[in-house]
Amino acid sequence: MEHSLSGIPETLLVALWARAAETRMPNPLIRDEKAVEMVGQIDYDFSRFEKGGKLTQTGVAIRTQILDTALLKYLSIHPDAVVINLGAGLDTRHTRLDCRNHDWYEIDLPESITLRRHFFKESESYRFIEKSIFDLSWIQDVNVGDRPVLFLAEGLLMYFEESLVQNFFKELATTFRRGRVLFETLPPIMVGKSKHHCSLKKMDSRAEFKWGLKNPLALEAWHPAIRLLDAWDYSDYCKRRWGIFGVIARLPFVRPNLACRIVYLSF
């Protein structure tokens, strides 16, 4: 199956490869058989990521694990919640975690949604929106009402300038008063250095890191309604898989400058 992905949309293929590669491991951190199926059907040289891609594979597996756990906990407390997956790519979470009883929206650019439609089917409660997340007209396309809403943003926001992300969060905080968001952040040291990333440098096109976050508490200054609920550092999980990089990353005076995290906010 051919694709027309380039730039930021092409990064979804890196994450897809990582989940499939992890699934094939003898004792995987996550199991994503749908990812394995998709890798086998998309016309793309995924083998390019195999050499030197272990840190990417570990990071994607751990972030998947963290997000899965946080999502399921939230939905157990808020069974009427709406989930809005920002920059959904080929994420399998809705199917993999059996979230059919929840209203769920996948938002991404048209080329990404076109590829998604080959593998997933929409329903009355599971819908795809072909728009940039920064095209705020998508707000009119989701039916939330007064229900709680959980936003997911995995492998996405680091590709945009801080001012754009900040204005986006302000809009979410203003519009969705019962909202929470789980999203991935990179440290500032990685901004402008995607050419050194073990997997992104092997893509056909270039996607650059434009935003990094050193202190999640700083996000509370973006809007009066924003509150930091939690943050999970990848290096604290599966420590043996990180090797010497993890040892260095966990040093107290180094951690703020190297931490890749999932951050959890409320509005």
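Taking segment 88-117 on its own, how many of its residues are among the charged types (D, E, K, R) and surrounded by fewer than 19 Cβ atoms within 10 Å (Cβ to Cβ)?
5
Considering only residues of segment 200-259 that are modelled with pLDDT under 90 and aromatic (Phe, Trp, Tyr), which is nearest to residue 29 (Cα to Cα)?
My answer is 242.
Determine if segment 150-168 includes at least one residue that is of a type in the set (S, T, N, Q) and under 17 Å from residue 214 (Cβ atoms).
yes
Taking only segment 212-267 into account, find how many residues are buried (at least 17 other Cβ atoms within 10 Å of the Cβ), in contact with a Phe, Trp or Tyr (Cβ under 9 Å, 6 or more places away or on another chain) and either among the charged types (D, E, K, R) or in contact (Cβ under 8 Å) with a residue 60 or more places away in the chain (or both).
Number satisfying all stated conditions: 12.
Of the residues 40, 52, 145, which is more than 20 Å from residue 23 (Cα to Cα) and either of a type in the set (A, V, I, L, M) or more than 17 Å from the chain's Cα centre (by Cα) (or both)?
So the residue among 40, 52, 145 that is more than 20 Å from residue 23 (Cα to Cα) and either of a type in the set (A, V, I, L, M) or more than 17 Å from the chain's Cα centre (by Cα) (or both) is 145.
Restricting the search to segment 151-187, which residues are closer than 15 Å to residue 266 by Cβ, part of a loop (DSSP other than H, G, I, E, B) and either out of contact with any helix residue (DSSP H, G or I) (no Cβ under 9 Å at 6 or more places or on another chain) or modelled with pLDDT under 95 (or both)?
Listed by number, the residues that qualify are 177, 178.
Just a yes or no: is a residue in segment 40-57 within 25 Å of residue 234 (Cα to Cα), touching a strand residue (DSSP E or B) at 6+ places or on another chain (Cβ under 9 Å) and assigned to a helix (DSSP H, G or I)?
no
Select from segment 70-128 the residues that are in a helix (DSSP H, G or I) and either among the small types (Gly, Ala, Ser) or in contact with a Leu (Cβ under 8 Å, 6 or more places away or on another chain) (or both) and list them in ascending order.
Across segment 70-128, the qualifying residues are 70, 71, 72, 74, 75, 76, 93, 111, 112, 115, 116.
Which residue pairs have Cβ atoms under 7 Å apart, sit 6 or more places apart or on different chains, and have a first residue in segment 13-25 that is over 11 Å from residue 64 (Cα atoms) and a second that is of a type in the set (Ser, Thr, Tyr) and not in a helix (DSSP H, G or I)?
Here the result reads 13/44; 14/199, each pair linking segment 13-25 to a residue that is of a type in the set (Ser, Thr, Tyr) and not in a helix (DSSP H, G or I).
Evaluate the following for residue 130: is it free of Cβ contacts under 8 Å to residues at least 24 places away in the same chain, touching an Asp or Glu at 6+ places or on another chain (Cβ under 9 Å), surrounded by 22 or more Cβ atoms within 10 Å (Cβ to Cβ) and farther than 20 Å from residue 261 by Cα?
Considered against the rule, which asks whether it is free of Cβ contacts under 8 Å to residues at least 24 places away in the same chain, touching an Asp or Glu at 6+ places or on another chain (Cβ under 9 Å), surrounded by 22 or more Cβ atoms within 10 Å (Cβ to Cβ) and farther than 20 Å from residue 261 by Cα, residue 130 comes out as no.
Can residue 140 be described as in contact (Cβ under 8 Å) with a residue 40 or more places away in the chain, part of a helix (DSSP H, G or I) and polar (S, T, N, Q)? Lay out the reasoning, then the answer.
Details: in contact (Cβ under 8 Å) with a residue 40 or more places away in the chain: no; part of a helix (DSSP H, G or I): yes; polar (S, T, N, Q): yes.
Considered against the rule, which asks whether it is in contact (Cβ under 8 Å) with a residue 40 or more places away in the chain, part of a helix (DSSP H, G or I) and polar (S, T, N, Q), residue 140 comes out as no.
Restricted to segment 15-37, and to residues that are among the aliphatic types (A, V, I, L, M) and under 13 Å from residue 49 (Cα atoms), which residue is surrounded by the most Cβ atoms within 10 Å (Cβ to Cβ)?
Among those that are among the aliphatic types (A, V, I, L, M) and under 13 Å from residue 49 (Cα atoms), it is 18.
Please go through segment 188-209 and pick out each residue that is among the β-branched types (Val, Ile, Thr) and in a helix (DSSP H, G or I).
Within segment 188-209, 189 is the sole residue that qualifies.
Would segment 55-69 turn up any residue that is surrounded by fewer than 21 Cβ atoms within 10 Å (Cβ to Cβ), out of contact with any helix residue (DSSP H, G or I) (no Cβ under 9 Å at 6 or more places or on another chain) and either of a type in the set (Asp, Glu) or in contact (Cβ under 8 Å) with a residue 60 or more places away in the chain (or both)?
yes
The values are calculated or read from the model by the stated rules, or taken from the named source; none is laboratory data. Values in this document were obtained by computation on a predicted structure and should not be read as measured data. Ideal geometry is used to build each Cβ from the backbone, glycine not excepted, and the neighbour counts take in all protein chains shown.
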